[in-house]
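Data first, discussion second: the structure below is written as structure tokens.
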Amino acid sequence: MAKDLNKVRNIGIAAHIDAGKTTVTERVLFFAGRTYKIGEVHDGTAVMDYLSEEQERGITITSAATSLHWRKHTLTLIDTPGHVDFTVEVERALRVLDGAVAVFCAVGGVEAQSETVWHQADRYHVPRMCFVNKMDRAGADFETVVAEIAQRLGGNPVVIQLPMGAGDDFVGQIDIIRRRAFYYDPEEIATKLRVEDVPEEYREQVEVARHELIEKVAECDDRLMKKYVHEEDISEKDIVAALRRGTLDNRLQPVLCGSALKHVGVRPLLDAVVDYLPSPLEVRPVRGHESVSGGESMERPADPEEPFAALLFKVTADPHGDLHFIRVYSGTLKAGTRVLNSTQNKKENITRIWEMHAKERIRRDEVTAGEIVAVVGLKDSITGDTLCDTRHPIVLERLHLPEPVITMSIEPRTNAEKDRLVEAMRSLRKEDPSFGYRFDSETGQTQISGMGELHLEVIRNRLVRDMGLEVRVGRPSVAYKETIRSAAETRGSFIRQTGGRGQYGVVELRVEPFEPEEGEDPFIFEDKTKGGVIPREFIPSVEEGARDAASTGPLAGFPMLNIRVSLLDGKHHPVDSSEIAFQQAAAIAFADAAQKASPVFLEPIMRLQVMTPEEYLGPVTGDLQARRAEIKQMQQRGNQRLLLAEVPLAEMFGYSTQLRSVTQGRATSTMEPLRYAPAPQQVAEKIMRFV
Ligand SMILES: Nc1nc2c(ncn2[C@@H]2O[C@H](COP(=O)(O)OP(=O)(O)OP(=O)(O)O)[C@@H](O)[C@H]2O)c(=O)[nH]1
Ligand SMILES: [Mg+2]
């Protein structure tokens with residue numbers, strides 16, 4: 001029997017590194033009766049951090065899904081990593097989830113990754129609420145965090161709980177809507193959640209806050225506004241309903257507080273997930289197209305009766321058959337069904353359906369719209385592919401995958417292990433599409449690429465530890481790109497006509513630089529030919545040839561970005577023209593044009609945040625200036641200074657070690673990719689010296 005989708009919540013927990021996402025999840029599982037004891041991240045016993053690398057480092061590396069029940073609702077919860085190197089895990093989670101809980105540390109407030117995950121949630125229109133965690137820490141400042149959510153994230157935070165005390169004096173929180181105070185007995189976490197009237201000393205503050213809450217919600221909700229201006233009675237139910245409408249429309253974000261480590265605030269948080277975050281029926285129907293190359297645009301409502309459609313958002317390798325995580329958007333899928341992978345236009349079998357709980361699994365015979373499960377049986381499907389009913393093809397929007405910023409050479413200790421290494425890297429790439437590898441035929445070296453030093457370190461450890469390989473890795477280096485600064489037009493021809501079936505393809509291409517919008521493909525191809533000079537069926541081959549050629553730039557063979565290619569003209573032969581011929585002709589033309597269009601190197605620029613005690617500000621800024629950094633802002637944070645800067649990645653290898661030594665371990669920093677920028681002359685010369 002199909003689930004009542006009104007009672008389903010698919011949510012993600014996202015935040016800056018260390019904000020407490022996994023600790024919150026651990027308590028959620030315990031209070032929902034999914035686990036019988038509470039694990040701790042710093043002991044390596046948290047259920048959701050099940051990779052050995054995660055347990056050793058005390059961080060989350062891969063997003064993990066679980067499902068649980070709360071107030072007769074089924075919640076699927078995905079705990080995501082906070083470290084920037086694993087941003088692909090947040091991307092894929094937010095792409096398939098209906099709601100999110102953004103967690104903030106009550107001391108650190110809005111931090112680098114808080115901004116990134118907030119914008120990722122914006123990109124996928126994911127309604128969210130905020131949980132200000134670590135209220136038990138010295139320096140916890142709830143009001144400042146709420147203000148930062150508005151100022152730095154552009155949110156519309158609506159406070160629905162007030163903390164009682166902070167730091168050592170933090171004893172609980174007050175539900176402003178229902179005027180109730182929650183107290184917690186640290187000794188008896190499992191049971192004691194005392195609900196009492198608002199204590200005298202908070203009454204006035206609660207009334208003021210409640211008034212502000214109603215005003216703020218009314219600004220986003222006509223129904224409540226009408227009651228408000230006509231001074232009609234506004235019930236708790238009215239407020240909750242209006243808050244829900246405002247959250248679902250992404251016009252406001254309810255804010256709660258607590259201390260997950262002290263088990264404070266997690267049960268009210270679960271109540272708020274049910275009250276304010278959407279069911280699969282309340283999010284926009286998924287959109288797609290007839291085929292990969294476009295065609296009619298379609299919508300699929302979250303209805304079990306509709307044709308089946310799902311997005312594959314995660315793959316984990318497994319000796320008993322790889323697990324493919326899918327979000328079902330419409331229809332019903334039964335185990336043993338043959339489906340269409342419409343992205344690759346291949347038929348696939350689904351042999352098993354599993355409901356996941358971290359690394360544990362429960363077998364299911366069928367799954368319907370609005371659910372997230374793992375399936376087994378797929379052979380060729382990868383992250384981002386659409387699976388659908390063979391008779392009702394639809395292709396859903398793919399995932400937006402980040403560009404790798406660093407590379408490293410890798411080689412097996414012995415030749416005998418060469419094939420095993422390639423196989424292992426293929427399997428890691430299947431799991432992690434932000435990891436890349438390629439064999440450089442010129443140098444005979446294999447290069448791996450990823451999002452940062454930590455990312456490649458984890459990959460290396462997994463190759464050694466989980467896959468039993470012995471490898472040697474080189475020093476990390478920047479994954480430069482190339483682009484062009486001017487336009488150029490050239491002709492490329494591939495003609496082999498020496499008797500028998502020949503090859504014939506001639507194209508005229510124009511290349512020019514362009515600035516892509518966010519998330520836009522940095523390579524654009526336009527067919528501007530007239531009069532069928534090149535038959536339609538060969539146009540995709542021209543594009544493919546140009547794209548292939550763009551993967552190896554003219555300067556040093558780095559991939560090219562931000563290029564618009566226009567196919568202006570061409571010639572074909574009725575017999576000898578073929579896909580290969582036009583592919584080759586396009587590759588020749590593109591390489592020549594790129595060479596003539598003043599090619600330059602692009603280097604990754606990182607957004608850096610450094611939190612340092614005042615007394616080290618001099619050496620920290622001095623060191624940064626020596627690294628070609630541009631300091632954009634300096635903010636006061638208690639007796640600390642927060643520096644916001646932009647800095648080339650090439651200057652930042654080993655930075656965290658240097659920062660620790662300059663500040664005796666008292667400053668912290670986070671860095672994330674921001675954009676690519678032309679490399680200055682001296683850097684370009686240095687690159688050329690090493691290629
Ligand atoms: N004082 C205090 N510490 C907390 C609280 N919640 C979590 N922590 C601690 O903060 C550290 C990080 O917690 P995690 O749950 O791993 O944080 P996370 O957001 O999952 O981190 P990543 O997954 O690595 O991004 C751990 O040592 C926790 O014990 C809290 O409410 N108060
Ligand atoms: Mg975590």
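The values are calculated or read from the model by the stated rules, or taken from the named source; none is laboratory data. Keep in mind that what you see is a predicted model, and the values were worked out from it rather than measured. We place every Cβ from the backbone using ideal geometry, glycine too, and count neighbours over all the protein chains shown. Side chains are part of the model used for accessible areas, which takes the heavy atoms of the whole protein and leaves out ligands, DNA and RNA. Shrake-Rupley method; radii C 1.70, N 1.55, O 1.52, S 1.80 Å.
Restricting the search to segment 271-289, which residues are of a type in the set (A, V, I, L, M), in a helix (DSSP H, G or I) and open to solvent by less than 40 Å² (accessible area, probe 1.4 Å)?
Hits for segment 271-289 are 272, 273, 274.
Return only the number of the condition from (1) closer than 28 Å to residue 105 by Cα; (2) open to solvent by 60 Å² or more (accessible area, probe 1.4 Å) that residue 265 does not satisfy.
Checking residue 265 against (1) closer than 28 Å to residue 105 by Cα; (2) open to solvent by 60 Å² or more (accessible area, probe 1.4 Å), the one that fails is (2).
Considering only residues that are near ligand 2 (Cβ under 10 Å from one of its atoms) and open to solvent by 10 Å² or more (accessible area, probe 1.4 Å), look in segment 49-61 and name the one that is farthest from the chain's Cα centre (by Cα).
Step one: of segment 49-61, the residues near ligand 2 (Cβ under 10 Å from one of its atoms) are 49, 54, 58-61.
Narrowing further to those that are open to solvent by 10 Å² or more (accessible area, probe 1.4 Å): 58-61.
On the way: 58: 20, 59: 16, 60: 14, 61: 12 Å.
The selected residue is 58.
For segment 1-102, which strands (runs of 3 or more DSSP E) that fit wholly inside it have 2 or more residues that are within 11 Å of ligand 1 (Cβ to nearest atom) and in contact (Cβ under 8 Å) with a residue 12 or more places away in the chain?
Ranges flagged: 8-15.
Any chance segment 113-133 includes a residue that's surrounded by fewer than 23 Cβ atoms within 10 Å (Cβ to Cβ), part of a loop (DSSP other than H, G, I, E, B), within 14 Å of the chain's Cα centre (by Cα) and more than 14 Å from ligand 2 (Cβ to nearest atom)?
Yes.
Are any of the residues in segment 518-530 in the same structural domain as residue 592 (by TED's automatic domain parsing), touching a helix residue (DSSP H, G or I) at 6+ places or on another chain (Cβ under 9 Å) and within 15 Å of residue 584 (Cα to Cα)?
No: zero hits.
Of all residues in segment 280-307, how many are basic (Lys, Arg) and touching a strand residue (DSSP E or B) at 6+ places or on another chain (Cβ under 6 Å)?
Adding up the residues that qualify gives 2.
Cβ-Cβ under 6 Å, sequence separation 6+ or interchain: first residue in segment 490-515 and assigned by TED's automatic domain parsing to the domain that holds residue 678, partner among the hydroxyl-bearing types (Ser, Thr, Tyr) and open to solvent by less than 20 Å² (accessible area, probe 1.4 Å). Which pairs?
The qualifying pairs do not exist here.
Okay, residues lined up against (1) open to solvent by less than 40 Å² (accessible area, probe 1.4 Å); (2) not in a helix (DSSP H, G or I):
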residue	(1), (2)
489	no, yes
495	no, yes
504	yes, yes
518	no, yes
526	no, yes
531	no, yes
537	no, no
541	yes, no
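Here is a yes/no grid of residues against (1) open to solvent by less than 40 Å² (accessible area, probe 1.4 Å); (2) small (Gly, Ala, Ser):
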position: 597; (1), (2): yes, yes
position: 600; (1), (2): yes, no
position: 606; (1), (2): yes, no
position: 613; (1), (2): yes, no
position: 652; (1), (2): yes, no
position: 656; (1), (2): no, yes
position: 661; (1), (2): no, yes
position: 664; (1), (2): no, no
position: 674; (1), (2): no, no
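Give just the number: which of (1) within 19 Å of residue 675 (Cβ to Cβ); (2) of a type outside the set (A, V, I, L, M); (3) buried (at least 19 other Cβ atoms within 10 Å of the Cβ); (4) out of contact with any Ser or Thr (no Cβ under 9 Å at 6 or more places or on another chain) does residue 558 not satisfy?
(4)
Consider segment 15-48. How many of its residues are surrounded by fewer than 18 Cβ atoms within 10 Å (Cβ to Cβ) and small (Gly, Ala, Ser)?
Residues meeting the conditions: 2.
Which strands (runs of 3 or more DSSP E) sit wholly inside segment 434-486 and have at least 3 residues that are within 22 Å of residue 679 (Cβ to Cβ)?
Qualifying strands (runs of 3 or more DSSP E): 436-440, 445-450, 481-484.
Might you check whether a residue that is modelled with pLDDT of 95 or more and within 13 Å of ligand 1 (Cβ to nearest atom) occurs anywhere in segment 112-125?
Looking for residues that are modelled with pLDDT of 95 or more and within 13 Å of ligand 1 (Cβ to nearest atom), one finds none in segment 112-125, hence no.
Just to be sure I understand, how many residues within segment 604-621 are in a helix (DSSP H, G or I) and within 25 Å of residue 451 (Cβ to Cβ)?
Qualifying residue count, segment 604-621: 1.
Go through 545, 557, 570 for me and flag whichever is touching a residue at least 12 places away in the same chain (Cβ under 8 Å) and in contact with a strand residue (DSSP E or B) (Cβ under 6 Å, 6 or more places away or on another chain).
570
Given the condition part of a strand (DSSP E or B), free of Cβ contacts under 8 Å to residues at least 60 places away in the same chain and closer than 17 Å to residue 387 by Cβ, answer yes or no: does some residue in segment 290-299 qualify?
Checked segment 290-299: no residue is part of a strand (DSSP E or B), free of Cβ contacts under 8 Å to residues at least 60 places away in the same chain and closer than 17 Å to residue 387 by Cβ.
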